[in-house]
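Read through the structure below, which is laid out as structure tokens, and then see the notes.
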Amino acid sequence: VEGLIVTNNGRLSTRLHAATLEKPSSDTIGRTSANKEAVDLGPCPLTEWGQPFDVVAEQAKVRKSPKLPFTWELKAPTEAQDSKSQLEWLGKNADAIKEKMYTHGAVIFRGWELIKNPEGFRAAYEALGMLPCLDPLHAVSARPMVDKKSAVYEAVNKESRANFFIGMHNEFVGTRSPRAAMFVCFKAADEGGEFLLADGRSIFRDVDTHVLKRLYEKKIRYSVMELPFFSFIDTLPEFSRQPLSQIVRAIVEAAVNAKVDFDVALRWLEDSKYDDDAKTLQARAPAQPPVVKHPITGQPTWFCNVHSHSSRLRKQRELQYGTEIFEDGASRINKSDMYYGDDDVISDQDFDHLDQITNNNIKYVAMKPGDAVLLDNYQTMHGRNVFKGQRKHAVTWFA
């Protein structure tokens, strides 16, 4: 492959896991992998927020430098067209491929016979020396798995959510973030369903400096859950409503915090967002910075899920794609929004600016069986376009 050089860069190599390539005993990788034991998944790593820094000065420095390359395409090599030879090739070139993930944010695999099934996909990421970990959602809810033995989780493929545009986000929940992820296509949608990528380094570069400074200094926090189940309180005698509301909030907050491994604060929404005007408790995660420095490269990168979590931006997309179809109570509960770290409301003008900057940096990646994307979760955001028909994409997270 032109331009591929196996390197041993000192700083980068200290964070790379040793390859665990096993030579197949037959030409059928799926049969070999099926004989392996299930992957032993460790916890998703804690998020590396790093130390505070001068975002204005860093942005000015970035704007004076050449724009960094984003995404690197890796086609199956002509000399390795079957699964066995592709597996061997990946093992030999693992360090160079992972270095491209750091320098370009994501490696897009094209036309690889090896990764057309979960067993071969597992063999591929093991050949690359990636260490799988639990889904960051593990402490909150259970994401369905395509192949539990191979640690392959299902991406958002439900037809009931086909018209739901999944906004750009880094994968993290509370205090945990995988360092990398590999998304794979086992079946493409009949129409749409492209995998979406955005370079957090470019978004950091492009965001208005005043908006960036304001968000960084005040920090941000997300609402991560809404519980619209307490209308009965408003039917009680007026003298009892306020004390009962305080008791209910305290009990539910304690129950939620017992389930998750990060601090959650609950508050009553003043204006219900639901058609039945339900009295609603909203759960908010701790405040955090919208920008971090990459734990390996040291480059500043946008690490903020406003595009996916903002209620305003989701509603704007619903006008274009239609309202999400709710199949169960969980869909109704899992509503999010974004605020300043002190709970102040972010202006519509700032939300719209952040939406425009993010949209300007989205790269649409159409995928088919044999394609995958290995991405650095700190500097590369991901999402999914709306689609029609059946779609089967999956992902494995890495520590």
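To the nearest ten degrees, helix 348-360 and the longest principal axis of the Cα atoms of the chain are 10 degrees apart. Here the Karplus relation 6.51 cos²θ - 1.76 cosθ + 1.60, evaluated at θ = phi - 60°, turns the backbone of the stretch 203-216 into coupling constants of 5, 4, 5, 8, 4, 3, 4, 5, 5, 4, 4, 5, 5, 5 Hz, with x for every Gly and Pro.
Expected output is a single nm value to one decimal: the length gained when fully extending between V156 and F239, i.e. 0.36 nm times separation in residues minus the C-alpha distance. What is it?
Values: separation 83, 0.36 × 83 = 29.88 nm, distance 4.56 nm.
Here the segment from V156 to F239 would lengthen by 25.3 nm.
Roughly how tilted is helix 94-104, in degrees to the nearest 10 and between 0 and 90, from the longest Cα axis of the chain? Helix 94-104 sits roughly 40 degrees off the main axis of the chain.
With a simple spin-label model that places each label point 7 Å from the Cα along the Cα-to-Cβ direction, the separation between K36 and K75 comes to 2.8 nm. Paramagnetic label reach from V56 (point 7 Å along Cα→Cβ; backbone nitrogen cut-off under 19 Å): within the stretch 208-239, residues 208-220. Peptides 220-229, 59-68, 193-202 ranked from most to least packed by the mean count of surrounding Cβ atoms within 10 Å: 193-202, 220-229, 59-68.
Here the extension length gained between N257 and K388 equals 43.4 nm, from 0.36 nm per residue of separation less the Cα-Cα distance. For the stretch 115-186, the gyration tensor built on C-alpha atoms gives an oblate shape. Its axis ratio a/c (a ≥ b ≥ c) is at least 1.5, and a/b is not larger than b/c. Cut-off 10 angstrom, C-alpha nodes, Gaussian network model of the chain. Which of Y125, Y321, Y102 fluctuates the most? With Cα springs under 10 Å in the chain, the top fluctuation among Y125, Y321, Y102 is at Y321. Between Q246 and K67, the distance separating the two model label sites (each 7 Å from Cα on the Cα→Cβ line) works out to 5.5 nm.
Distances between every pair of Cα atoms in the stretch 46-112, grouped in 5 Å steps from 0 to the bin holding the largest one, split as 4, 13, 16, 16, 16, 11, 8, 8, 6, 3, 0 percent. Given a cut-off of 26 Å, name the pairs among K293/K392; K98/K219; K158/K315; K98/K363; K67/K218 whose C-alpha atoms lie farther apart than that in the structure shown. Those over the limit are K293/K392; K98/K219; K67/K218. Just checking my list (i) 1.11; (ii) 1.02; (iii) 0.99 against Rg/Rh (Cα atoms, Kirkwood Rh) computed from this structure; which label fits? Label of the calculated value: (iii). Specify whether the C-alpha gyration tensor of the stretch 133-229 places it in the rounded, prolate or oblate class, a ≥ b ≥ c being the square roots of the eigenvalues: rounded for a/c under 1.5, otherwise prolate if a/b is larger than b/c and oblate if not. Taking the square roots of the gyration eigenvalues as a ≥ b ≥ c, the stretch 133-229 is prolate. Computed about its Cα centre, the charge dipole of the stretch 89-147 is approximately 160 debye, with only Lys, Arg, Asp and Glu carrying charge at their Cβ. Each of F109, W89, H169 was scored by the projection of its Cα onto the charge dipole of the stretch 78-193, and the greatest displacement toward the positive side belongs to H169; charges sit on the C-beta of Lys, Arg, Asp and Glu.
Here the simple spin-label model places points 7 Å from the Cα toward Cβ, and for E48 and S347 these points are separated by 3.6 nm. Using just its DSSP H runs of length 4 or more, each adding -39500 (n - 2.57), the chain gives a mean residue ellipticity at 222 nm of -9000 deg cm²/dmol after division by all residues.
Just so you know, all these numbers are worked out from the coordinates, no wet-lab data involved. The model shown is predicted, which means the values in this text are computed figures rather than measured ones. Heads up, the Cβs are rebuilt from the backbone with ideal geometry, glycines too, and the neighbour counts pull from every protein chain shown.
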